[in-house]
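Okay, so here's the structure we're looking at.
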Amino acid sequence: MKAIIMAGGEGSRLRPLTCTIPKPLVPILNRPVMEYAIELLKRNQIKEIGVTLQYLPQEIEKWFGDGREWDVSLTYFIETNPLGTAGSVKNAESFLDDTFVVISGDALTDFDLQKAIDFHKKKKALVTLVLTSVNNPLEYGVVLTHNDGSIDRFLEKPGWGEVFSDQVNTGIYIIEPDVLEYIPSDKPYDFSKDLFPALLHKDLPLFGCLLKGYWCDIGNVSHYLQANHDMLSGKINLPIQGNYQGNGIWIGERVSLDPKVELKGPVFIGDDVVIDKDVFIDSYSVIGNNCEIGEKSVVKRALLWNNVYLGKYVDLRGSILCNSVVVKSRCQVYENAVIGSHTTIEEQSVVKPGVKIWPNKQIEQGVILNDNLVWGTKANKNIFGTQGVYGISNRDLTPEFAAKLGAAYGTYHKRHDRLVISCDHYKVSQMLKSALIQGLVSTGVDVYDLGPNIMPVHRFAVRSLKVGGGIHIKVDANVPEKIWIQFVDEQGIDLGQGESRKIENIFDRGDFRRVPGQQVGKINYLPRSRESYLDYVIQTVDQAAIRHNRFKAVLVYDRTNLSNTLSDLLDKLGVKTIEFALSFDERQEMLNSFKNSPEILAQQVLNQRANFGVVLDSNGEKVLLLDDKGNLLDEDRLTVLYALIILKTSPGASIVVPVTAPQVVESLAEEYGGRVIRTKTAYKNLLESIYNPDVLKDQGHYNQTVYFDGILTLVKIMEYMAVNRISLSELNQLLPPYHICVDHEYCSWDNKGMVMRRLIQEHQEDQIELLDGLKVKREDGWVLVLPDIEGPRYQIISEGFNQEVAEELTNFYKDKIKVLQS
């Protein structure tokens, strides 16, 4: 007699176990489940076996080969398209010339198949279904038979009101080859849904044979765990490979157990395993081949596949770790969590119950993982970056994530607090805004929705409405797949590290405030916030002077986000514009060309005889200018220029600049009797210092509240030019020369602290500043080595008395970071 093993299933309900291997290769006590099916057939004298394949067929062929290792002969039949259970067997029709057995490659059973074969022959059946009795038949196909075993009816996965029997179809069949004539070729066709009802309708001899014994369909993670436990507890009459030590303990070959290891059976340990001192392996745990378990770790009812590494003090409880998983010291992985193959979990991280991590992921140190990690490659402890929470749209930042984040931010605030929310004009941002709103109102806070807008409008609305804070969602200015969720306080100032950590902790713990349904927050829509902002901008400047000057400007901006805002404003101020209103991709292409060849845009300014050129970022926060002679004023140069405007109009004023700003700001302040306040580079630190009442009073009309508002910066500079009848090139010439070089160098997360410590030690005798990173002051300039909070790298910013010196300083510290890591 021959047999067919159906091994084509994808096993989607078992993911991430089946992301890299097909379901029949999922191990039970360190052996693929299909191996038990082969052994069962061989036990019943069936050695000619066909195997139907569809999902990852090469993996099964590679593992089992021609079957000689198991003393059987295997022939493979691969489906190019899914054909269903009956269709896959039809695909092997050339192999089947007599009565044959069909069995699933992903079910575990110890049935005496010979009894079913004898029953089939005695009844002269066309098909015999092997049946078993189960306590809960809802997940299976229920079968009702007459007293003689002939089948009366079928029902696939019934509700309790439809259950007419506790006998279910096991997916094991004894079939006559004539049945294949009733199965169509090259199309999906199922045994239970299609073939058997058709045969029953034709009144053909269809029988059910009830067998005693163990049977488990490994359809989900819970069933998979239970099958391993049942094997260990002896419920299944199948052999266990390993050396039995007594007390329910099986140990493989070349296993190294420290004398202080405690094992509590039943336990299975594979070959070449190393277990360090004071480790406790509790009952119903399975350890695969080549695993290593560090001292004082605890493994309770957990399954470890092959090549798993556990560091010291690791705690596993009822979890599954697939091949080549690395769990470093002091981590905890809880019940029903599944860690996909080749995933690394760094020290002191926690994987909460039921969390599933797909293969090839990197979980950063100290992460508390509450949700499945399917997309992306990393889970970071700190979800906040330089401008709020960031990630790849619909991968890292999903609607589910956004709703939880909204609930965390709402919980951070008091019930009935009022918050503003807005987003840019891109669809993905609007999707995330909707999810954030649902999370916010679930905590009892009220929301003012500004709709699609830009960040300067958002900050203005927060201040003018006197609310408790706000959230703005925007696409990154350079990477369209990257999304920022930006948080501000009641002054419209970005949240600092302390506030961000509190929100992160609420998010990680899942400790959200949930109010009764009648206390859910209100959602209010404010459609005219943009117009209110434009009115505010116009009212802060001398409109008549700007109109009288009749400026002409070349504009490059994001058409999706800024067309109405920018065009309406400049039109009201009488500015004639030559516009390059571009899509995101067009704008990026032009900006890349501009970076490599700034003369392209400069030539447009010269050709149009414009007073200046303007390049606004996609969210209106930052601006670059070109003067009437085509010279570029980048972010650093505009900082110096605006400082000069303030000092010329308000001598003695305080100027706030980040630690990265050129040293010439100090020279200008000294010339005009002012002082310089340097801050960390974070938005929070800059804006807090700028909004200090004493600073604003010192600065007067041209204050630095324009920071992170590219539109207001542009208008204020236009006003100064108009009132003082000075061109932008003339202003530019007033600035002292300076030379800056900016670059970055890779540094792994693990090495960042060590590198900074070593750099500080090397410069203990030098003039250094530790305000933000390490700033080393030298006679020929200075260099700032700044750890990047978003990625594994350091930024190096240098200033020298000429460009060559600045570049040499930057390259010197890039090389030093490389050396320190090696």
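The values are calculated or read from the model by the stated rules, or taken from the named source; none is laboratory data. These figures come from a predicted structure and were not determined experimentally. Here the Cβ is made from the backbone with ideal geometry for all residues, glycine too, and neighbour counts use every protein chain on show. Heads up: the accessible areas ignore ligands, DNA and RNA and are worked out on the full protein's heavy atoms, side chains in. Shrake-Rupley method; radii C 1.70, N 1.55, O 1.52, S 1.80 Å.
If you go through region 188-222 one residue at a time, how many are open to solvent by less than 40 Å² (accessible area, probe 1.4 Å) and part of a helix (DSSP H, G or I)?
7
Quick one: how many residues across region 643-672 are assigned to a loop (DSSP other than H, G, I, E, B), more than 17 Å from ILE740 (Cβ to Cβ) and either in contact (Cβ under 8 Å) with a residue 24 or more places away in the chain or hydrophobic (A, V, I, L, M, F, W, C) (or both)? Steps first, answer last, please.
Residues of region 643-672 assigned to a loop (DSSP other than H, G, I, E, B): 650-653, 659-663, 672.
So of that shortlist, the ones also more than 17 Å from ILE740 (Cβ to Cβ) come out as 650-653, 672.
In the following step, the residues that additionally are either in contact (Cβ under 8 Å) with a residue 24 or more places away in the chain or hydrophobic (A, V, I, L, M, F, W, C) (or both) were identified as 650, 652-653, 672.
Qualifying residue count for the region: 4.
Of all residues in region 762-811, count the ones that are within 33 Å of the chain's Cα centre (by Cα), among the basic types (Lys, Arg) and open to solvent by less than 50 Å² (accessible area, probe 1.4 Å).
Matching residues across region 762-811 total 0.
Looking at region 631-642, which of its residues are in a helix (DSSP H, G or I) and either in contact (Cβ under 8 Å) with a residue 60 or more places away in the chain or aromatic (Phe, Trp, Tyr) (or both)?
Our first condition is that a residue be in a helix (DSSP H, G or I); within region 631-642, this holds for 635-642.
Result: ASP636, ARG637, LEU638, VAL640, LEU641, TYR642.
I'm checking my understanding of the structure. Among residues of region 538-559 that are under 24 Å from LYS474 (Cβ atoms) and touching a Ser or Thr at 6+ places or on another chain (Cβ under 7 Å), which one is surrounded by the fewest Cβ atoms within 10 Å (Cβ to Cβ)?
ARG559
I'd like the residue in region 256-309 that is open to solvent by 50 Å² or more (accessible area, probe 1.4 Å) and among the aromatic types (Phe, Trp, Tyr) and, out of all such residues, is nearest to VAL325 (Cα to Cα).
TYR309
Just to be sure before I move on: is LEU606 part of a helix (DSSP H, G or I) and more than 39 Å from the chain's Cα centre (by Cα) in the structure I sent?
Numbers: part of a helix (DSSP H, G or I): yes; more than 39 Å from the chain's Cα centre (by Cα): yes.
Yes, satisfied.
For residues that are farther than 16 Å from ILE523 by Cα and small (Gly, Ala, Ser), tally how many sit in region 410-443.
1
Out of all the residues in region 517-537, is one or more at pLDDT 95 or above, closer than 19 Å to ALA403 by Cβ, open to solvent by less than 60 Å² (accessible area, probe 1.4 Å) and not in a helix (DSSP H, G or I)?
Looking through region 517-537, at least one residue is at pLDDT 95 or above, closer than 19 Å to ALA403 by Cβ, open to solvent by less than 60 Å² (accessible area, probe 1.4 Å) and not in a helix (DSSP H, G or I).
For region 392-409, name all the residues that are crowded, with 24+ Cβ neighbours inside 10 Å and either part of a helix (DSSP H, G or I) or free of Cβ contacts under 8 Å to residues at least 24 places away in the same chain (or both). Break it down stepwise before answering.
Of all residues in region 392-409, those crowded, with 24+ Cβ neighbours inside 10 Å come to 397, 402, 405-409.
ALA402, LEU405, GLY406, ALA407, ALA408, TYR409 - these are the residues of region 392-409 that are crowded, with 24+ Cβ neighbours inside 10 Å and either part of a helix (DSSP H, G or I) or free of Cβ contacts under 8 Å to residues at least 24 places away in the same chain (or both).
Within region 470-516, which residues are in a loop (DSSP other than H, G, I, E, B), at negative phi and in contact with a strand residue (DSSP E or B) (Cβ under 8 Å, 6 or more places away or on another chain)? Steps first, please.
Applying the first criterion (in a loop (DSSP other than H, G, I, E, B)) to region 470-516 yields 476-481, 489-493, 495-496, 510-516.
Within this subset, residues satisfying the condition of being at negative phi are 476-481, 489-491, 493, 495-496, 511-516.
If the condition is that a residue be in a loop (DSSP other than H, G, I, E, B), at negative phi and in contact with a strand residue (DSSP E or B) (Cβ under 8 Å, 6 or more places away or on another chain), then ASP476, GLU481, ASP489, GLU490, LEU495 are the ones that fit.
Could you check how many residues of region 315-330 are surrounded by fewer than 24 Cβ atoms within 10 Å (Cβ to Cβ) and not hydroxyl-bearing (Ser, Thr, Tyr)?
Taking region 315-330 first, the residues surrounded by fewer than 24 Cβ atoms within 10 Å (Cβ to Cβ) are 315, 317-318, 323-324, 326, 328-330.
Retained after the next criterion (residues that are not hydroxyl-bearing (Ser, Thr, Tyr)): 315, 317-318, 323, 326, 328, 330.
Total satisfying the criteria: 7.
Name every residue in region 607-626 that is over 19 Å from ILE711 (Cβ atoms) and charged (D, E, K, R), in order of residue number. Spell out the reasoning first.
Going residue by residue through region 607-626, those that are over 19 Å from ILE711 (Cβ atoms) are 607-609.
Within region 607-626, ARG609 is the sole residue that qualifies.
Just give me the residues in region 1-49 being in contact with a helix residue (DSSP H, G or I) (Cβ under 8 Å, 6 or more places away or on another chain) and either acidic (Asp, Glu) or assigned to a strand (DSSP E or B) (or both), in sequence order.
Hits for region 1-49 are LYS2, ALA3, ILE4, ILE5, MET6, GLU10, PRO27, ILE28, PRO32, GLU35, GLU39, ILE49.
Please give the helices (runs of 4 or more DSSP H) falling wholly within region 688-756 in which 2 or more residues are within 41 Å of the chain's Cα centre (by Cα). Spell out the reasoning first.
On the way: elements: 693-699, 710-724, 728-733.
Result: 710-724.
So for region 335-343 (the condition being surrounded by fewer than 21 Cβ atoms within 10 Å (Cβ to Cβ) and either acidic (Asp, Glu) or over 22 Å from GLU400 (Cα atoms) (or both)), does at least one residue qualify? Step through it out loud before you land on a result.
The first filter runs over region 335-343 and keeps only residues surrounded by fewer than 21 Cβ atoms within 10 Å (Cβ to Cβ), leaving 335-336, 342.
When the remaining residues are screened for being either acidic (Asp, Glu) or over 22 Å from GLU400 (Cα atoms) (or both), the result is 335, 342.
Yes; the residues of region 335-343 include at least one that is surrounded by fewer than 21 Cβ atoms within 10 Å (Cβ to Cβ) and either acidic (Asp, Glu) or over 22 Å from GLU400 (Cα atoms) (or both).
Does region 568-575 contain any residue that is more than 30 Å from GLY439 (Cα to Cα) and at pLDDT below 90?
Within region 568-575, the subset more than 30 Å from GLY439 (Cα to Cα) is 568-575.
Retained after the next criterion (residues that are at pLDDT below 90): 568.
Within region 568-575, one or more residues are more than 30 Å from GLY439 (Cα to Cα) and at pLDDT below 90.
In region 778-792, which residues are within 13 Å of GLU745 (Cα to Cα) and among the small types (Gly, Ala, Ser)?
GLY791
Quick one: is GLN430 free of Cβ contacts under 8 Å to residues at least 60 places away in the same chain, in contact with a Cys (Cβ under 9 Å, 6 or more places away or on another chain), open to solvent by 30 Å² or more (accessible area, probe 1.4 Å) and in a helix (DSSP H, G or I)?
On the way: free of Cβ contacts under 8 Å to residues at least 60 places away in the same chain: yes; in contact with a Cys (Cβ under 9 Å, 6 or more places away or on another chain): yes; open to solvent by 30 Å² or more (accessible area, probe 1.4 Å): yes; in a helix (DSSP H, G or I): yes.
So GLN430 fits the description; yes.
Cβ-Cβ below 9 Å, separation at least six or inter-chain, first residue in region 794-807 and in a strand (DSSP E or B), second open to solvent by 70 Å² or more (accessible area, probe 1.4 Å) and aliphatic (A, V, I, L, M): which pairs?
GLN795/VAL742; ILE796/VAL742; ILE797/VAL742; SER798/VAL742
Would you pick out the residues in region 474-488 that are open to solvent by less than 10 Å² (accessible area, probe 1.4 Å) and without any contact (Cβ under 8 Å) to a residue 60 or more places away in the chain?
VAL488
Yes or no: region 224-233 includes at least one residue that is open to solvent by less than 20 Å² (accessible area, probe 1.4 Å) and in a strand (DSSP E or B).
no
Restricting to region 92-126, count the residues that are under 48 Å from the mean Cα position of the chain (by Cα) and polar (S, T, N, Q).
Qualifying residue count, region 92-126: 3.
Within the bounds of region 665-673, is there any residue that is under 19 Å from LEU712 (Cβ atoms) and either of a type outside the set (Ser, Thr, Tyr) or crowded, with 17+ Cβ neighbours inside 10 Å (or both)? Full working, then the answer.
Of region 665-673, the ones under 19 Å from LEU712 (Cβ atoms) are none.
Looking through region 665-673, none of the residues is under 19 Å from LEU712 (Cβ atoms) and either of a type outside the set (Ser, Thr, Tyr) or crowded, with 17+ Cβ neighbours inside 10 Å (or both).
Conditions (1) surrounded by fewer than 24 Cβ atoms within 10 Å (Cβ to Cβ); (2) in contact (Cβ under 8 Å) with a residue 40 or more places away in the chain; (3) over 23 Å from GLY242 (Cβ atoms), marked per residue:
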{"site": "ARG13", "(1), (2), (3)": "yes, yes, yes"}
{"site": "LEU17", "(1), (2), (3)": "no, yes, no"}
{"site": "PRO32", "(1), (2), (3)": "yes, no, no"}
{"site": "ILE38", "(1), (2), (3)": "no, no, no"}
{"site": "GLN54", "(1), (2), (3)": "yes, yes, yes"}
{"site": "ILE60", "(1), (2), (3)": "no, yes, yes"}
{"site": "TRP70", "(1), (2), (3)": "yes, no, no"}
{"site": "VAL89", "(1), (2), (3)": "no, yes, yes"}
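From VAL447, VAL467, VAL420, which residue is assigned to a loop (DSSP other than H, G, I, E, B), within 18 Å of ARG528 (Cβ to Cβ), in contact (Cβ under 8 Å) with a residue 12 or more places away in the chain and hydrophobic (A, V, I, L, M, F, W, C)? Explain how you work it out, then say what you get.
Working: VAL447 fails: assigned to a loop (DSSP other than H, G, I, E, B); VAL420 fails: assigned to a loop (DSSP other than H, G, I, E, B).
Of the residues listed, the single one that is assigned to a loop (DSSP other than H, G, I, E, B), within 18 Å of ARG528 (Cβ to Cβ), in contact (Cβ under 8 Å) with a residue 12 or more places away in the chain and hydrophobic (A, V, I, L, M, F, W, C) is VAL467.
Restricting attention to region 489-508, report how many residues are under 25 Å from PRO452 (Cβ atoms) and either more than 21 Å from the chain's Cα centre (by Cα) or open to solvent by 40 Å² or more (accessible area, probe 1.4 Å) (or both). Can you show your working first?
Kept after step one, since they are under 25 Å from PRO452 (Cβ atoms), are these residues of region 489-508: 489-495, 503.
From what is left, the residues that are either more than 21 Å from the chain's Cα centre (by Cα) or open to solvent by 40 Å² or more (accessible area, probe 1.4 Å) (or both) are 489-495.
Number satisfying all stated conditions: 7.
Give all pairs with beta carbons closer than 8 Å in which a residue from region 557-576 that is closer than 11 Å to GLY620 by Cα meets a residue that is of a type in the set (Val, Ile, Thr); count only pairs at least 6 apart in sequence or on separate chains.
TYR557/VAL614; TYR557/VAL615; ASN561/ILE454; LEU562/ILE454; THR565/ILE454; THR565/VAL457; THR565/ILE711; LEU566/ILE711
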